[in-house]
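For reference, the structure discussed in these notes is given below.
The values are calculated or read from the model by the stated rules, or taken from the named source; none is laboratory data. What you see is a predicted model, and the numbers here were worked out from it, not measured in a lab. We place every Cβ from the backbone using ideal geometry, glycine too, and count neighbours over all the protein chains shown. Each accessible area value is taken on the protein alone, full model and side chains, heavy atoms only, with ligands, DNA and RNA left out. Shrake-Rupley method; radii C 1.70, N 1.55, O 1.52, S 1.80 Å.
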Amino acid sequence: MVIERMIFSLAVISALSGCSLNQKKMTNLEIIKSTYEGKTSEENGRNLAKYVAEDISWTEAKGFPYAGTYIGLEEVSKNVFHRLGSEWIDYKFSPEDYVASEDKVVAYGTYTGTNKITGKYFEARVAHVWKLKDGKIRSFEQFVDSQPVNNSMK
């Protein structure tokens with residue numbers, strides 16, 4: 001009877017405090033997957049914003065249309081995501097698999113999309129290297145076959 005009351009009391013305290021006795025910290029792999037595998041791109045964006053470090057370093061590959069390194073989510077949004085959303089139809093990354101090791105996660109797969117101006121579709125192989133620390137995304141680096149993307153813009 002005493003144990004049952006203690007369990008009941010813990011359950012009530014947990015419910016009232018908004019905590020869960022079974023709540024676990026997400027792994028780095030789960031964090032990165034959450035930025036790709038949400039039900040919508042908006043959900044993916046919210047997950048990215050939730051886990052990104054304030055001073056994230058984001059590098060788009062040399063030769064890619066948005067090449068460069070951007071610091072902070074505001075710069076990344078302006079120089080990468082806004083352009084992807086305004087210059088492409090159905091631009092997306094489809095992950096094929098992930099490789100995770102401590103503070104690094106590599107996602108690889110395929111980019112696809114259609115350029116709004118030319119109407120040309122492309123597919124390009126890509127890998128993303130993510131580095132995390134204390135549950136926050138510290139850096140992103142893109143490795144991509146840029147030629148199919150650039151060709152679709154001509």
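Could you please give the count of residues in segment 43-56 that are of a type outside the set (A, V, I, L, M) and crowded, with 17+ Cβ neighbours inside 10 Å? Let's see the steps before the verdict.
Kept after step one, since they are of a type outside the set (A, V, I, L, M), are these residues of segment 43-56: 43-47, 50-51, 54-55.
Then drop every residue that is not crowded, with 17+ Cβ neighbours inside 10 Å, which leaves 44, 47, 51.
Adding up the residues that qualify gives 3.
Conditions tested, residue by residue: (1) without any contact (Cβ under 8 Å) to a residue 12 or more places away in the chain; (2) part of a strand (DSSP E or B); (3) out of contact with any Gly (no Cβ under 9 Å at 6 or more places or on another chain).
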site: Pro65; (1), (2), (3): no, no, yes
site: Thr69; (1), (2), (3): no, yes, yes
site: Glu75; (1), (2), (3): no, no, yes
site: His82; (1), (2), (3): yes, no, yes
site: Lys92; (1), (2), (3): no, yes, no
site: Asp97; (1), (2), (3): no, yes, no
Search result, residues across segment 61-112 that are open to solvent by less than 30 Å² (accessible area, probe 1.4 Å), in contact with a helix residue (DSSP H, G or I) (Cβ under 6 Å, 6 or more places away or on another chain) and not aliphatic (A, V, I, L, M): Phe64, Tyr66
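Filter segment 1-22 down to residues that are at pLDDT 50 or above and either within 30 Å of Ser77 (Cβ to Cβ) or open to solvent by less than 80 Å² (accessible area, probe 1.4 Å) (or both), then give me how many there are.
0
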Subset of segment 122-135 (residues that are out of contact with any Gly (no Cβ under 7 Å at 6 or more places or on another chain) and outside any loop (DSSP other than H, G, I, E, B)): Glu123, Ala124, Arg125, Ala127, His128, Val129, Trp130, Lys131, Leu132, Lys133
Pick from segment 116-154, criterion touching a Ser or Thr at 6+ places or on another chain (Cβ under 8 Å) and among the acidic types (Asp, Glu), ranking: nearest to Ile89 (Cα to Cα): Glu123
Matching residues in segment 25-42 - criterion: being within 18 Å of Trp130 (Cα to Cα) and either among the acidic types (Asp, Glu) or open to solvent by less than 40 Å² (accessible area, probe 1.4 Å) (or both): Asn28, Glu30, Ile31, Ile32, Ser34, Thr35, Tyr36, Glu37, Gly38
